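Comments concern the structure below.
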Amino acid sequence: MKKKLSILGSTGSIGLNTLKIVSHLKDQFEVTYLSTNTNSELLVQQIKKFKPKAVCIVTEQAYEVVKNQINNSDIKILFGRKGLLELSKREDVDIMLNGLVGAAGMEPTLCAIESGVDVALANKESLVMAGDIITKAMKKTGANIFPVDSEHSALWQCMVGERLSDINRIILTGSGGPFRERPIDTFEKITVEDALNHPNWDMGNKITIDSATMMNKGLEVIEAYWLFGFNAEKIDIVVHPQSIIHSMIEMKDGAIKAQMGVPDMKVPIQYALTFPNHLSAPWERLNFFDCGDLTFEKPDYERFPLIKIAYKALEMSGSASAALNLANDYSVHRFLKKGINFNKISLINKSVLENHPWIQKPSLEDISDLNEWVKNYVNCF
């Protein structure tokens, strides 16, 4: 029987790769729901090819385009944030792939988990912002989260067959992004175009900027804490420019297991959707004779201060990680709109973490209120 699949963010980088997997594994999956924010034309093409039961378009202009082009269809067309959450709550799917960008993905993850639906999670912000709330919901409903981020998928695959108590530490790898060797005194001159030029990965704009600041690695530390239950002192970061080793675990006896492969998001996405199986795939394979040297470096905290700021947020607990995540969403948005320079991103994020109204056990309502506070703070910075 085919797995029924819901894809949030089907027109983004993760969503497009997911649909390539679905096209390859036609006998494994049935696309039930799709969503987009603004890309109406691409969603219309996806509707015609995959014939979902319902779709959601978040922005009004894109919604009108889709509604006019799919007006004679049995497909239900939902609109806005309300429609997205309605889609996320539906129980008639086997797994929901959350490929949404930023804080907007948090509540849909929770909705699916509360409905008892497993989530293939590419939206790291879900656990960064509401890890306590989501993990409690998982225990209540029995729903699972299958990590899609290449690093967390790598850790997950390394842990298969191991006892967590035998693991000494987990090691997240990161490429170091496009500015690993750029002189720090030139960071003020970094343009949006410079920051979007990642040396290894083809990703959406937001995550590409996060890679340039290495905020993505800080957020991944927090996500790893919630996914695997390791404290901060057991989560290390290694800069690995070639992006061949996607992450590692070190056992108590000193043995290290690493998950390796070419930098291709289709591999971790497919594993999340087909777990516990590694099904045949036509994607590019790693050729050891062509990949060259594999090198490793310590993170440069002067160059990438957001790594330590993320560790600080995890130490602070409570609302700290949510505040940092929201600050990063808004500061990166301002940078992409060329409203602030590159260095301002870390300054804003640090200031929000230090000055936000900290709450020990934030509720969803608290996080919503915090969102407004952070938005105003960042826009006035």
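The values are calculated or read from the model by the stated rules, or taken from the named source; none is laboratory data. Small disclaimer: the values here were computed from a predicted structure and weren't measured. Cβ placement follows ideal geometry from the backbone for every residue including glycine, while neighbour counts extend to all protein chains displayed.
The figures follow:
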| read-out | value |
| --- | --- |
| Test for GLY174: is it under 22 Å from the mean Cα position of the chain (by Cα), modelled with pLDDT of 90 or more and either small (Gly, Ala, Ser) or on the phi > 0 side of the Ramachandran plot (or both) | yes |
| Number of the exception - THR274 against (1) farther than 18 Å from SER211 by Cβ; (2) hydroxyl-bearing (Ser, Thr, Tyr); (3) out of contact with any Lys or Arg (no Cβ under 9 Å at 6 or more places or on another chain) | (3) |
| Of the criteria (1) in contact with a Phe, Trp or Tyr (Cβ under 6 Å, 6 or more places away or on another chain); (2) not in a loop (DSSP other than H, G, I, E, B), which one GLY318 fails | (2) |
| Subset tally (residues that are touching a Leu at 6+ places or on another chain (Cβ under 9 Å) and among the aromatic types (Phe, Trp, Tyr)) for the range 330-381 | 2 |
| Members of the range 124-133 found to be crowded, with 24+ Cβ neighbours inside 10 Å and either assigned by TED's automatic domain parsing to the domain that holds LEU273 or touching a residue at least 60 places away in the same chain (Cβ under 8 Å) (or both), listed by number | LYS124, GLU125, LEU127, VAL128, MET129, ALA130 |
| Qualifying residue in the range 345-353 (condition: out of contact with any helix residue (DSSP H, G or I) (no Cβ under 6 Å at 6 or more places or on another chain), in a helix (DSSP H, G or I), modelled with pLDDT of 95 or more and charged (D, E, K, R)) | no |
| Unique residue being within 23 Å of SER321 (Cα to Cα) and free of Cβ contacts under 8 Å to residues at least 24 places away in the same chain when the list is THR173, THR208 | THR208 |
| Tally of residues being of a type in the set (A, V, I, L, M, F, W, C), closer than 15 Å to PRO299 by Cβ and surrounded by fewer than 19 Cβ atoms within 10 Å (Cβ to Cβ) across the range 224-240 | 2 |
| Filtered residues of the range 240-274 (kept if touching a Gly at 6+ places or on another chain (Cβ under 6 Å) and either among the polar types (S, T, N, Q) or without any contact (Cβ under 8 Å) to a residue 60 or more places away in the chain (or both)) | none |
| Options GLU193, GLU151; residue that is touching a Leu at 6+ places or on another chain (Cβ under 6 Å), of a type in the set (Asp, Glu) and either closer than 26 Å to PHE296 by Cβ or at pLDDT below 95 (or both) | GLU151 |
